[in-house]
Amino acid sequence: MKVLFIGGTGIISSACTQLALEQGIDLFLLTRGRSQRPAPAAARVLP
């Protein structure tokens, strides 16, 4: 399954991102790039 998260690096969404990756979901993140939390390496970050 492919999933797009708008955000993905905030406090709540980073936990959701990690859970999705642990479930084997093909994850895409659409972020502004301003968070100090890095996106997980397994997620694809869209520009």
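Any read-out appearing in this document is the output of simple, stated calculations on the displayed coordinates, not a laboratory observation. This one's a predicted model, so the numbers in the text were calculated from it and none came from an experiment. Here the Cβ is made from the backbone with ideal geometry for all residues, glycine too, and neighbour counts use every protein chain on show.
Of all residues in region 4-16, those satisfying the criterion of being of a type in the set (Gly, Ala, Ser) and assigned to a loop (DSSP other than H, G, I, E, B) are Gly7, Gly8, Gly10. One residue stands out among those in region 17-34 that are part of a helix (DSSP H, G or I) and under 8 Å from the mean Cα position of the chain (by Cα): the one that is surrounded by the fewest Cβ atoms within 10 Å (Cβ to Cβ), which is Gln18.
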